[in-house]
1. Helix-only mean residue ellipticity at 222 nm, the chain, DSSP H runs n ≥ 4 weighted -39,500 (n - 2.57), per residue, nearest 500. What is it?
2. Nothing charged except the Cβ atoms of Lys and Arg (+1) and of Asp and Glu (-1): what's the magnitude of the dipole of the chain about its Cα centre? Round to the nearest 20 debye.
3. Which ³J(HN,Hα) values, rounded to whole Hz and listed in residue order, are derived for segment 38-47 from phi using the Karplus coefficients 6.51, -1.76 and 1.60 in 6.51 cos²θ - 1.76 cosθ + 1.60 with θ = phi - 60°, glycine and proline given as x?
4. Just going by the charge dipole of segment 34-146, with Lys and Arg at +1 and Asp and Glu at -1 on Cβ, which of ALA57, HIS77, GLY128 is farthest out on the positive end?
5. Label-point separation (nm) for GLN111 and SER49, each offset 7 Å from Cα along Cα-to-Cβ?
6. Checking the a/c ratio against 1.5 first, then a/b against b/c, what shape does the Cα gyration tensor give for segment 42-85?
7. What nm value, rounded to one decimal, do you get for the distance between ARG119 and THR101 when each label is placed 7 Å out toward the C-beta?
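Please treat every number below as a calculation from the coordinates, not as lab data. All figures in this text were calculated on a predicted structure; none of them were measured in a lab. Counting neighbours? That spans all protein chains shown, and the Cβs are built from the backbone with ideal geometry, glycine included.
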Amino acid sequence: MDKNTKKWLCFAGLASGIVGGYLLWVNRRIFTVNDVTTGESLDYPELLSRVYYGDSATILQAAQTAVKRMPRWRVVHSDPESETVEAEVETLIGRFLDDVTIYVINLGGNQCRVTVRSRSRQGRGDFGQNSVHIRELQEAMDLALTRNAAI
């Protein structure tokens, strides 16, 4: 290998190390966050609680139905008294179990706020999986609760 080739390989290795390090630093939350709650997690400010029209029993039922329809999700406990649903999700990669808690808060005026908390049972970082769980659940609930809504 000649001198110029060695120089370029060294430069390419250094450049890729700098770029890779920067990308890891920018996305550091995937290595340090393993508990995400809508409206409360500073690392995921875009994840907000949703407000739905309907009574709390209907919203709670929609949450249970959404969980039952999603693959690798299962309802562990549902408490109509405290208006919560506890579920667990098995991750596709690694087969880890994550806990998801759904809180239905009656706001009055036929409106309820749904706050979702997803947390990993193991590890210090979740590679963004808990935020994915919340987004999946919110999409499923949006679909279930707007299916018969008048536009």
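1. Details: 4 runs with 60 residues, N = 151.
Estimated from H runs of four or more residues: -13000 deg cm²/dmol.
2. On the way: 18 positive and 18 negative charges, 171 e Å.
About 820 debye.
3. 4, x, 10, 7, 4, 6, 10, x, 7, 8
4. Sorting the options by dipole projection puts first GLY128.
5. 1.2
6. Verdict is oblate for segment 42-85.
7. Spacing of the two 7 Å Cα→Cβ label points: 0.6 nm.
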